[in-house]
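K.L.:
Handing you a structure now.
The values are calculated or read from the model by the stated rules, or taken from the named source; none is laboratory data. Everything numeric in this text was worked out from a predicted model, so none of it was measured. Every residue, glycine as well, gets a Cβ built from its backbone with ideal geometry; the counts of neighbours run over all protein chains shown.
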């Protein structure tokens, strides 16, 4: 099975809960979920690739193995990863 793709901002480096992308990435790491990072530019900009994938421009977005996208508030996304509900 191909890994999940984590579409996240390119500037995730603080590794705190203030960083939405890091919250989700940390949950994936903690659960041992194989994933691949797809970085998107600094700032909110247009993000046409993210819009094409998920219908909106906010990050993070999880692209699942079947090609569908999952996007919610980062705390909800992390909780779903930890619950094994992907």
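K.L.:
Which one of the conditions (1) surrounded by 12 or more Cβ atoms within 10 Å (Cβ to Cβ); (2) closer than 16 Å to residue 85 by Cβ; (3) touching a helix residue (DSSP H, G or I) at 6+ places or on another chain (Cβ under 9 Å) does residue 56 fail to meet, given that it meets all the rest?
P.N.:
(2)
K.L.:
Just for segment 59-82: of the residues that are over 13 Å from the mean Cα position of the chain (by Cα) and over 16 Å from residue 25 (Cβ atoms), which one is surrounded by the fewest Cβ atoms within 10 Å (Cβ to Cβ)?
P.N.:
So, considering only residues that are over 13 Å from the mean Cα position of the chain (by Cα) and over 16 Å from residue 25 (Cβ atoms), the one surrounded by the fewest Cβ atoms within 10 Å (Cβ to Cβ) is 66.
K.L.:
Would you mind stating whether residue 2 is touching a residue at least 60 places away in the same chain (Cβ under 8 Å) and more than 10 Å from the chain's Cα centre (by Cα)?
P.N.:
yes
K.L.:
Same structure, new question: May I ask you to say which residue of 30, 85 is outside any loop (DSSP other than H, G, I, E, B) and surrounded by fewer than 17 Cβ atoms within 10 Å (Cβ to Cβ)?
P.N.:
Testing whether each residue is outside any loop (DSSP other than H, G, I, E, B) and surrounded by fewer than 17 Cβ atoms within 10 Å (Cβ to Cβ) leaves just 30.
K.L.:
For residues that are out of contact with any strand residue (DSSP E or B) (no Cβ under 8 Å at 6 or more places or on another chain) and not in a loop (DSSP other than H, G, I, E, B), scanning just segment 34-79, find the one that is modelled with the lowest pLDDT.
P.N.:
Out of the qualifying residues, it is 48.
K.L.:
For residue 8, only one of the following conditions fails: (1) touching a residue at least 40 places away in the same chain (Cβ under 8 Å); (2) out of contact with any helix residue (DSSP H, G or I) (no Cβ under 6 Å at 6 or more places or on another chain). What is its number?
P.N.:
For residue 8, the failing item is (2).
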